[in-house]
Each structure stands twice: as C-alpha cells, then as structure tokens.
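Peer 1: Take this structure first; my questions come after.
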Amino acid sequence: MGATTVWMSPETKKRLKEMKRHPRETYEDVILRLIDTAEDPEPLSDEAIRGIEESRKDIRAGRLLPLDEARAELRAAWRTEDPE
C-alpha cells in the first residue's frame with residue numbers, strides 16, 4: 001500500500017488525535033470512520049426528493065401553518081373521529 005502526505009493545520013491534527021478511540025488507532029482509521037459516518041448508505045428516493053422540493057416551494061410561498069394551529073386542528077380532528 002502506498003502512502004500520501006496530507007498537509008493540515010496543527011488544530012486539525014489535534015482534532016483528529018482527539019477523535020482516536022484508542023492511542024494506537026491510526027489517523028487513517030479515524031479518517032475512514034469519519035468518511036463512513038458522512039456517507040449515506042441509503043440515498044433519498046426520487047419520491048422523497050420531490051416531496052422535499054414541494055415542501056420548500058410551500059415554505060417560499062408562505063404556505064405554512066404555525067405549530068399551535070396545526071396542533072389545534074389535529075386535536076379537533078381526533079375529537080370528531082368515530083371510534084368504531
């Protein structure tokens with residue numbers, strides 16, 4: 001396996017060192033663990049992305065309901081449901 005030198009500030013090196021789980025863990029292990037944490041193994045579906053885009057459009061258009069109003073509407077709906 002080849003090696004590569006990575007230049008970083010002393011502060012970055014200090015932070016990486018603080019992230020070690022044990023003293024003998026290598027910086028490569030720490031970096032790989034961080035990469036694994038950052039990568040999403042289950043990317044969003046097209047449907048989820050469309051839903052997010054629609055929600056963002058609603059927000060920009062001001063189609064929002066304050067939390068207290070949403071709660072009141074839900075409580076009223078729950079009270080009027082037929083318990084079958």
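Coordinate-derived values only; no laboratory data. Bear in mind the structure is a predicted one, so any value in this text is a computation, not a measurement.
Peer 1: Give me the number: length gained by fully extending Thr80 to Arg50, i.e. 0.36 nm times residue separation minus the C-alpha to C-alpha distance, one decimal in nm.
Peer 2: 7.6 nm
Peer 1: Report, in deg cm²/dmol and to the nearest 500, the calculated mean residue ellipticity at 222 nm for the chain, where each DSSP H run with n ≥ 4 adds -39500 (n - 2.57) and the sum is divided by the residue count.
Peer 2: My calculation for the chain gives -18500 deg cm²/dmol from helical runs alone.
Peer 1: Could I ask something else about it? Would you please state the base-10 log of I(q)/I(0) at q = 0.19, 0.23, 0.27 1/Å for the chain, with intensities from the Debye formula using one equal scatterer on every alpha carbon?
Peer 2: -0.96, -1.13, -1.28
Peer 1: Kirkwood Rh and Cα-based Rg: tell me the resulting Rg over Rh for the range 1-43, rounded to two decimals.
Peer 2: Using only Cα positions, Rg/Rh for the range 1-43 is 1.02.
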